[in-house]
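Working notes, beginning with the structure itself.
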Amino acid sequence: MTEPSTPLLPPPSPSSTTQAAKTATAWLHTARFLTTAPQLEYLPRIHEPEIAFVGRSNAGKSTAINTLTQQKRLAFASKTPGRTQSINLFSVGKQGCTDAVLTDLPGYGYAAVPKEAKLRWQRVMASYLRTRHNLNSVVMLCDARLGLTELDDILLEVIRPRVEQGLNLLVLLTKADKLTRVEAQKALSIARLQVGGGQAMLFSALKRQGVEEVSVLLRQWATAAQLQQERDHEPAPNASPKLPPDSTPDA
Ligand SMILES: Nc1nc2c(ncn2[C@@H]2O[C@H](COP(=O)(O)OP(=O)(O)OP(=O)(O)O)[C@@H](O)[C@H]2O)c(=O)[nH]1
Ligand SMILES: [Mg+2]
């Protein structure tokens, strides 16, 4: 006789979805300033999973961090493009415990920056995305009215090999409140085609569109990274067994 097959888990009910959103938003609300680095080369080496917010200047990175963490001035947001000049890291997790780090990066592509400086920044950014050892996830933000631009595409190409190896990628189409519903859906369809192995979502800090979905996703990524870290630190099954295979516990 065959064993009855294990029933598949039922799809999450609306109430469990709401619970997941509540847990995720409470988790993100614990965000606090960790450290700042004047340039990517000076970022400290840390071991916690890092979730980087990248995108063109003025795309809404700092605003998204403030919205997701429900804090007004955690990250510096401004009308003036190029406001975030240094790299700011924020810890997320209960007091005294960092589950993940959110990284607010300066934007690229700001028109007033000299070409040489732009190219330099692009190289440094590419190197960060390629080599940052604890980088676990990338949230790439772009203005929904512009979609992914050439500069975003260049960086997407840089991270593609890491995405294939498991790096999480989310493209957020920000300022969705500036588009009609039809325009926003069209922008989303295009971005989904461009993003390859990642996901794309609409987001509006103003209307709080996408806030819960993004919060749940970020928490899922952090939880998965933690479980992976725990697995990586477990001794290999036959490296040093707690008990020899043929012994029985005494009591
Ligand atoms: N309407 C609307 N405006 C937004 C939204 N998100 C950000 N903004 C505005 O866009 C401008 C730039 O936002 P920031 O969050 O500073 O952008 P950034 O990507 O951090 O910019 P840099 O630090 O210069 O790279 C600010 O005036 C924000 O108020 C949104 O969802 N809707
Ligand atoms: Mg900023």
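The values are calculated or read from the model by the stated rules, or taken from the named source; none is laboratory data. None of the values given here were measured: they were computed from a predicted structure. As a convention, Cβ positions derive from the backbone with ideal geometry for all residues, glycine included, and neighbour counts pool all protein chains shown.
Below, the figures for the structure above:
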read-out	value
Single unsatisfied condition, Lys115 versus (1) away from ligand 1 (no atom under 16 Å from the Cβ); (2) under 22 Å from Ser215 (Cβ atoms)	(2)
Which numbered condition Arg132 fails, given (1) under 21 Å from Ala64 (Cα atoms); (2) out of contact with any Phe, Trp or Tyr (no Cβ under 6 Å at 6 or more places or on another chain)	(1)
Test set (1) under 20 Å from Pro106 (Cβ atoms); (2) assigned to a helix (DSSP H, G or I) - Thr223 fails condition number	(1)
Yes/no for Thr25 being more than 10 Å from ligand 2 (Cβ to nearest atom), among the polar types (S, T, N, Q), surrounded by fewer than 20 Cβ atoms within 10 Å (Cβ to Cβ) and under 16 Å from the mean Cα position of the chain (by Cα)	yes
Qualifying residue in the stretch 216-229 (condition: in contact with a strand residue (DSSP E or B) (Cβ under 9 Å, 6 or more places away or on another chain), under 17 Å from Lys61 (Cα atoms) and modelled with pLDDT of 95 or more)	yes
The stretch 65-75, residues that are modelled with pLDDT of 95 or more and part of a loop (DSSP other than H, G, I, E, B)	Gln70, Gln71
Looking only at the stretch 92-111, and only at residues there that are small (Gly, Ala, Ser) and out of contact with any Leu (no Cβ under 8 Å at 6 or more places or on another chain), the one that is nearest to ligand 2 (Cβ to nearest atom)	Gly107
Check on Ser62, at pLDDT below 90 and of a type in the set (Ser, Thr, Tyr)	no
Some residue of the stretch 173-180 being modelled with pLDDT under 95 and within 30 Å of Arg123 (Cα to Cα)	no
Residue within the stretch 115-134 that is closer than 28 Å to Arg219 by Cβ, within 14 Å of ligand 2 (Cβ to nearest atom) and at pLDDT 90 or above present	no
In the stretch 29-57, the residues that are within 16 Å of ligand 1 (Cβ to nearest atom), buried (at least 21 other Cβ atoms within 10 Å of the Cβ) and of a type outside the set (Phe, Trp, Tyr)	Ala31, Ile51, Ala52, Val54, Gly55, Arg56
Only listed residue being among the small types (Gly, Ala, Ser), part of a loop (DSSP other than H, G, I, E, B) and either surrounded by fewer than 22 Cβ atoms within 10 Å (Cβ to Cβ) or more than 16 Å from ligand 1 (Cβ to nearest atom) (or both), chosen from Ser78, Ser127	Ser78
Any chance Asn88 is crowded, with 17+ Cβ neighbours inside 10 Å, assigned to a strand (DSSP E or B) and within 16 Å of ligand 1 (Cβ to nearest atom)	yes
Test: residue in the stretch 52-72 that is charged (D, E, K, R), within 15 Å of ligand 2 (Cβ to nearest atom), touching an Asp or Glu at 6+ places or on another chain (Cβ under 9 Å) and at negative phi	yes
Leu89 being touching a strand residue (DSSP E or B) at 6+ places or on another chain (Cβ under 8 Å) and within 16 Å of ligand 2 (Cβ to nearest atom)	yes
Residue within the stretch 96-104 that is more than 11 Å from ligand 1 (Cβ to nearest atom) and surrounded by fewer than 17 Cβ atoms within 10 Å (Cβ to Cβ) present	yes
